[in-house]
Each structure stands twice: as C-alpha cells, then as structure tokens.
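Peer 1: Questions regarding the structure given below will be posed in turn.
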Amino acid sequence: MNIIRPIRAMSLLRASQLALPGFSSSANIRGLKTLPHASAEKKSEEPLNPADLKWDSLGFDYVPTKGTVVYDTLGDGKWGEGRIQGPYVQMHLMSNVLHYGQAIFEGMKAFHQKDGSVSLFNPLENAKRLRNGCRRLGIPEISDEMFLEALSNAVIENIDYVPPYGSGGSLYMRPVVFGHGAKLGLGKAPTYTFAVLASPVGNYYSGGLKAVDACVIDAFDRAAPLGVGNVKCAGNYAADVVPASEAAANGFPIGLYLDAVNHEYIEEFSTSNFLGISADKSTYITPKSSSILPSITNIMLRQIAKDKGMKVEERPVKFSEVETFSQVAACGTAVIVTPIKSITREGRKIEIGEDFDVLMGLYQDVRDLQTGDKEDIYGWSTVVAKKAL
C-alpha cells in the first residue's frame, strides 16, 4: 500500500513556488513594499505657557501642562513610589489595556478659593469609586493615601494652571489606571500604571445654565445587568461614541439610555446620571440600578436637596414617568447639571420646558461649595496648596 504524505511534500517547496499566479515572490504575494525598521522614538510635549492662557475663554478641552504624576506596580504587584514626568508612557502593543480594555479612570476638579488656597472637591468619593472599579477589573487597588498624594502632587506641579478665583474655571484632574506589558491570553497584566493628568478648563455655563434637547437611544444599550455599567471603565465610553454621534447629527446633544432588558426603565444619559424633580418641586428623583455608574455629583446633589427640605428618592424610574416631572437634568463632574427641555423617543417629543429654578439652586450651591463661597459643612473640600492671588 502506498502512503501519501502531502504535508512533507509541501514542506520541501520554497515559498516562492507557492506564489499566486502572476506573482513571483512572497513580497509580491502581499502586493506591498517592504517596510523599513524604525528606531525607537521617545515622545515629549511642551507645556503651554500659563501666561498665554485666557482664563475667561477656556473651553472643556485638553491643555498641555507642566507635569503628570505616575506610579507603576513592582514585581510583587504592589505599587511603587510615584514620580513626575511628561504625559507619555511606553507600553507593549500586546498590553491588556489595548486588547482587553483593562482600564479605569476618574474625573474631578481642583478650584482656586477666595482665600488663595487651591482645593480638591470631594476626592475621597472618587477614590472609593476607583477602588470599586479596580476590584471589578482585577487591578491592584489604590489607597486613599496614595490617591491624595498623587492628586496633591499633580496640583502643586501644575499650580500655575489653576484658573483664578472668579474666572469660573478649574483644574480638571484625570486619574487613570491600566494594565500593560506583553500578555497574549486574558489574565493579570505584567504591570499596572496609575497616572494623574491635569488640564485647566473653563466654566461650562459661562452665561448661565442652558437647557438642551435629548433623545432616547433605543438602538443600543449602555450596559448589561450584572456587567460593568456601575464602574468607570474605558470601554463603557467607547461604546457610546457611535450612538452619541448619531444623536448629535440628529440635533440632540445628549442621549438617554434605558434598561437593557425591557427598555422600560431609565438608566442614565451618555456620560451623566439622570435626575428629575417632581411636579410640585418637593421631590428629587434619580434612578437606581446595578448597571448605573454612581455619580459623585449626584451623591452631593442628593445630600444638598435633603438639606433644603426636599424628599429624595433613589429608585427604579419608568420612562413613562418623565411626563410627570417639572424639571429634568443630566448631572456630572463637567457641568454639575445640564437642564433637559425635551426628550424625544421614536419621533414623539416630550416637552419639559425651561423652568429650572430648583436645578439652578442646586447648581449654585455646588458651585459655591467648590470655590469656598459657601461654608463646607460636609468636609468635601481638601486644601492641597496655597498661592497668593
């Protein structure tokens, strides 16, 4: 009996003999030129001169500042000492963060106070939320002490970029932690990096609160039950890029997501929590769900609302309830509150109106606490630096 061994026979052939018709080499099979080898390049960034900043016209965009605070894990997975460097880090292309999305970030602000000091606003709530995200994604946790050390050093290093008191601006702080290093399979990353970047931003509503139109996003879900909707992981926001862009193209600067199971209950807006004020303006209502990200701003607004004598309800909220609310808003770090004047779903527009006196009062209370114009009875402000005006 003759035994045919095609695998061995093929192994004796040269690569050029396997070329497709019309091609004579492996390079021609690809139809591409041979690429050159590049030398490693260390990127850097020149900070913007603070003297060139126009404080009264700052937007909400990145401005190159003086330094970034960075920590790396050591071989035992414990965090090493921090350092101050530029905003670039070198990482392997097989890193967890690039393939498996192992990244958590936070957003918060530092403010110039009337007395010349600079304070972080409620940073320990951000630290708590960051740790919750780290536990969910298997990232080494960051203690309150390390978190405050990183933020304080980032503020002090970039003190000249903190907008002055009265300008309405702030120093936006972006803590981020991610896994990297060569790792092919899903699992613990070889190294983790925690960094804090800082960028001056302006008052989102320099001319006062402005109401916007919103739409319901029915073609997509923000997060699944028992998923990662309740942590601030990077992938949650990447998934909103297309829905948010489509909404904006249709004239809606903000989109509202409903529950992923029945599309019946309100979850949250694209990057902000949802809140509603009852018809008689006595009750602050915000949805409760295991897939909603706990907004630090929402937590503070609820406390302030209680202290104003309002009833606060955190519970499942059906979308059908929207028509009973006298005021609706999206709330978050960047804006505090964004009043919503209408919500459109499947061509039906629910008019809410532009009477947002309750929202305005809550907004102003938070602003005054941030800048020291109102006594901080909650202990939310943490002074990190003092500079003469």
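Peer 1: List the pairs whose first member sits in segment 244-255 and is closer than 17 Å to Asp221 by Cα, whose second member is of a type in the set (Ser, Thr, Tyr) and open to solvent by 50 Å² or more (accessible area, probe 1.4 Å), and whose Cβ atoms are under 9 Å apart, counting only residues at least 6 apart or on separate chains?
Peer 2: Partner pairs satisfying both residue conditions: Ala244/Thr271; Ile254/Thr271.
Peer 1: Take Lys66 and decide whether it is assigned to a loop (DSSP other than H, G, I, E, B) and either surrounded by 13 or more Cβ atoms within 10 Å (Cβ to Cβ) or touching a residue at least 60 places away in the same chain (Cβ under 8 Å) (or both).
Peer 2: Considered against the rule, which asks whether it is assigned to a loop (DSSP other than H, G, I, E, B) and either surrounded by 13 or more Cβ atoms within 10 Å (Cβ to Cβ) or touching a residue at least 60 places away in the same chain (Cβ under 8 Å) (or both), Lys66 comes out as yes.
Conditions (1) at pLDDT below 85; (2) within 25 Å of the chain's Cα centre (by Cα); (3) not charged (D, E, K, R); (4) not in a loop (DSSP other than H, G, I, E, B), marked per residue:
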| site | (1), (2), (3), (4) |
| --- | --- |
| Asn2 | yes, no, yes, no |
| Ser16 | yes, no, yes, yes |
| Pro21 | yes, no, yes, no |
| Thr34 | yes, no, yes, no |
| Ser44 | yes, yes, yes, no |
| Ala51 | no, no, yes, yes |
| Val89 | no, yes, yes, no |
| His92 | no, yes, yes, no |
| Lys114 | no, no, no, no |
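Peer 1: For segment 130-151, how many residues are part of a helix (DSSP H, G or I) and either over 27 Å from Ala189 (Cβ atoms) or in contact with a Cys (Cβ under 9 Å, 6 or more places away or on another chain) (or both)?
Peer 2: 3
Peer 1: With respect to the numbered conditions (1) open to solvent by 40 Å² or more (accessible area, probe 1.4 Å); (2) over 18 Å from Ser295 (Cβ atoms); (3) in contact (Cβ under 8 Å) with a residue 40 or more places away in the chain, which one is the sole condition not fulfilled by Tyr204?
Peer 2: Only one criterion is unmet by Tyr204, namely (2).
Peer 1: Which ones in segment 295-314 are under 24 Å from the mean Cα position of the chain (by Cα) and not in a helix (DSSP H, G or I)?
Peer 2: Ser295, Glu314
Peer 1: Condition (residue is farther than 22 Å from Val335 by Cα and modelled with pLDDT under 95) applied to segment 245-260: is it met by at least one residue?
Peer 2: no
Peer 1: For residues that are exposed (fewer than 13 other Cβ atoms within 10 Å of the Cβ), within 25 Å of Arg222 (Cα to Cα) and of a type in the set (Ser, Thr, Tyr), tally how many sit in segment 271-326.
Peer 2: Qualifying residue count, segment 271-326: 3.
Peer 1: If Ala127 passes every condition in (1) open to solvent by 10 Å² or more (accessible area, probe 1.4 Å); (2) more than 21 Å from Pro47 (Cβ to Cβ) but one, which one does it miss?
Peer 2: Every listed condition holds for Ala127 apart from (1).
Peer 1: If a residue has to be surrounded by 13 or more Cβ atoms within 10 Å (Cβ to Cβ), within 17 Å of Glu246 (Cα to Cα) and charged (D, E, K, R) to count, how many in segment 342-361 make the cut?
Peer 2: Residues that pass the stated criteria total 1.
Peer 1: Going residue by residue through segment 116-123, is there one that turns out to be touching a residue at least 60 places away in the same chain (Cβ under 8 Å) and farther than 23 Å from Asn203 by Cβ?
Peer 2: Scanning segment 116-123, I find no residue that is touching a residue at least 60 places away in the same chain (Cβ under 8 Å) and farther than 23 Å from Asn203 by Cβ, so the answer is no.
Peer 1: Please find, among Val358, Val328, Val384, Val312, the residue that is modelled with pLDDT under 95 and of a type outside the set (Ser, Thr, Tyr).
Peer 2: Going through Val358, Val328, Val384, Val312 in turn, just one is modelled with pLDDT under 95 and of a type outside the set (Ser, Thr, Tyr): Val384.
Peer 1: When you check Ile285 against the structure, is it free of Cβ contacts under 8 Å to residues at least 60 places away in the same chain and within 29 Å of Gly133 (Cα to Cα), yes or no?
Peer 2: Yes: the conditions hold for Ile285.
Peer 1: Scan the strands (runs of 3 or more DSSP E) fully inside segment 186-292 and keep the ones with 3 or more residues being in contact with a Leu (Cβ under 9 Å, 6 or more places away or on another chain) and under 27 Å from Met146 (Cβ atoms).
Peer 2: Fully inside segment 186-292 and qualifying: 191-201.
Peer 1: Sort out which residues of segment 138-167 are within 24 Å of Asp368 (Cα to Cα) and crowded, with 18+ Cβ neighbours inside 10 Å, and write them in order of number.
Peer 2: Leu151, Ser152, Ala154, Val155, Asn158, Ile159, Tyr161, Val162, Pro163, Tyr165, Ser167
Peer 1: Of all residues in segment 77-87, count the ones that are surrounded by 14 or more Cβ atoms within 10 Å (Cβ to Cβ) and in a strand (DSSP E or B).
Peer 2: Total satisfying the criteria: 2.
Peer 1: Kindly establish whether Leu98 is open to solvent by 10 Å² or more (accessible area, probe 1.4 Å) and over 23 Å from the mean Cα position of the chain (by Cα).
Peer 2: No; evaluated as a whole, the condition is false for this residue.
Peer 1: Now for a different question. Can you name every residue in segment 328-385 that is without any contact (Cβ under 8 Å) to a residue 12 or more places away in the chain and part of a loop (DSSP other than H, G, I, E, B)?
Peer 2: Gly347, Lys374, Glu375, Asp376, Ile377, Gly379
The values are calculated or read from the model by the stated rules, or taken from the named source; none is laboratory data. No experiment lies behind these values; they were computed from the predicted model shown. Please note: Cβ atoms are built from the backbone with ideal geometry, for glycine as well, and neighbour counts cover all protein chains shown. Ligands, DNA and RNA are stripped out before the accessible areas are found, and what is left, the full protein with its side chains, is counted by its heavy atoms. Shrake-Rupley method; radii C 1.70, N 1.55, O 1.52, S 1.80 Å.
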